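The numbers here are math on the coordinates, done by the rules we state, and not lab data. None of these values were measured; they are calculated from a predicted model. FYI the Cβ positions are ideal-geometry reconstructions off the backbone, even for glycines, and counts take in every protein chain you see.
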Amino acid sequence: MFKYLHVHAVLLVVSFIIVNTLSLVQAAETAPRTLVYALPNSNLNPMSTYQVRLLQAALNHSGEHFVLKPAAEAMVQSRALKEITDTSQIDLFWSMTSEAREKILRPIRIPIDKGVLGWRLLLVKEQGHISPNWQRITAFRMVQGHDWPDTEILRKAGFKVDTSADFNSLFNMIEKGRADAMPRSVNEIQGELATIANKLNVEPGIMLYYPAAQYFFVAKHDDKLALALECGLKQIIQNGVFDQLFNEEYGDILQQLQQEQRRIIKLDNPLLPKGTPLHQTELWQPLPSNVDDNTHAYLERP
């Protein structure tokens with residue numbers, strides 16, 4: 001009898017352990033995964049940043065459960081990308097794509113900016129000093145981040161480009177006359193003119209353009225997150241949420257560009273990966289319609 005009770009007690013304990021283990025496993029599987037994302041500079045408010053709002057919307061429509069969390073500190077692009085590949089402290093980041101970046105990270109090949117990251121207006125100290133003659137514009141000294149793909153794109157096109165790892169110092173270089181202009185995308189410049197670049201101006205009549213895409217990037221091995229992001233982005237494109245967020249953020253500046261007469265100087269982008277979906281025209285914002293093809297100037301690589 002005692003032996004029977006002992007065996008029964010052991011079976012109960014084993015059953016209890018198995019049930020609890022299964023419960024813990026099930027809870028772990030159903031608990032939302034926390035995703036840590038990097039912010040490119042400390043001037044951004046994570047909750048109001050377009051990319052974060054778009055990311056949240058995509059994840060909400062992905063069919064998976066995630067909780068978003070910003071990294072403890074802002075970091076330059078090269079560090080953010082390194083954190084994803086080397087330390088796994090960061091789960092994802094958004095950035096302009098390049099062949100080098102797509103070799104080490106997994107891009108979600110849906111341009112979250114519709115390509116307007118390659119529409120570049122010139123921040124200057126005083127208007128009217130940058131020549132609209134595209135053959136002479138490369139004589140002016142530009143300034144960019146030291147690890148931005150834009151830096152190499154501009155240099156390949158023949159521009160003189162100074163760089164800095166300190167984001168805020170880039171604007172100071174223009175303000176103090178150490179460089180002539182700082183090309184900034186139309187989806188960045190409005191917020192900067194109201195804050196960090198409030199002592200600078202936009203050069204009228206000129207816009208640089210090169211094909212570019214801003215993607216969400218994840219680790220090469222993170223299949224589940226990559227598929228969730230791709231699924232979610234496609235879903236919000238289909239249901240109109242993507243366009244709604246995009247127009248809320250950039251509608252004013254795009255409408256303003258439609259009303260302005262600017263000479264578009266087209267540059268080659270030698271860093272653009274072959275897999276960029278340029279043929280999917282529905283993913284890209286058309287250039288302003290008030291600019292005719294015969295006003296486009298082209299700067300090819302020397």
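Above 16 angstrom, tally the Cα pairs of the stretch 129-182 and express them as a % of all pairs, no decimals. Provide the component values of the computation, followed by the final result.
On the way: 549 of 1431 pairs.
Here the long-distance tail beyond 16 Å is 38 percent of all Cα pairs in the stretch 129-182.
As an exercise, identify the GluC sites (Glu not before Pro) in the stretch 39-133 lying in DSSP coil whose Cβ has no more than 12 other Cβ atoms within 10 Å.
Loop-located and lightly packed - E73, E126.
Quote the charge dipole size of the stretch 158-302 about the Cα centre in Debye, to the nearest 20; the model charges only the Cβ of Lys and Arg (+1) and of Asp and Glu (-1). Let's see the in-between values first.
Numbers: 13 positive and 20 negative charges, 82 e Å.
Here the stretch 158-302 has a charge dipole of around 400 debye.
By how many nm would the segment from E73 to D252 lengthen if fully extended, with 0.36 nm per residue of separation less the alpha-carbon distance?
So the extension gain works out to 61.4 nm.
Treating the Cα atoms of the stretch 205-280 as identical point scatterers in vacuum, please give the log10 of the normalised Debye intensity I(q)/I(0) at q = 0.18 Å⁻¹, two decimals.
Log10 I(q)/I(0), no solvent term: -1.06.
Could you list the chymotrypsin sites (Phe, Trp or Tyr not before Pro) in the stretch 104-201 that lie in coil according to DSSP, counting only those with at most 16 other Cβ atoms within 10 Å of their Cβ? Walk me through the intermediate numbers first.
Values: sites: W119, W134, F140, F159, F167, F171; in loops: W134, F140, F159.
Nothing satisfies the criteria.
Over the Cα atoms, compute the radius of gyration (one decimal) and Dmax (the largest Cα-Cα distance, rounded to a whole number) for the stretch 84-136, in Å.
Gyration radius and largest Cα-Cα distance of the stretch 84-136: 17.2, 47 Å.
Can you compute log10 of I(q)/I(0) for the stretch 139-224 with the Debye formula, treating each Cα as one identical point scatterer, at q = 0.13, 0.15, 0.17 Å⁻¹?
-0.48, -0.62, -0.77
What's the whole-number percent of alpha carbon pairs in the stretch 45-143 lying beyond 23 angstrom?
45
When the scattering of the stretch 150-281 is computed by the Debye formula from its Cα atoms alone, each counted once and equally, what is log10 I(q)/I(0) at q = 0.11, 0.12, 0.13 Å⁻¹?
Summing over Cα pairs of the stretch 150-281 leads to -0.56, -0.67, -0.78.
State which entries of K114/K266; K69/K103; K220/K266; K220/K274 exceed 29 angstrom in Cα-Cα distance in the structure shown.
On the way: K114/K266 17 Å; K69/K103 26 Å; K220/K266 33 Å; K220/K274 18 Å.
Pairs exceeding the cut-off: K220/K266.
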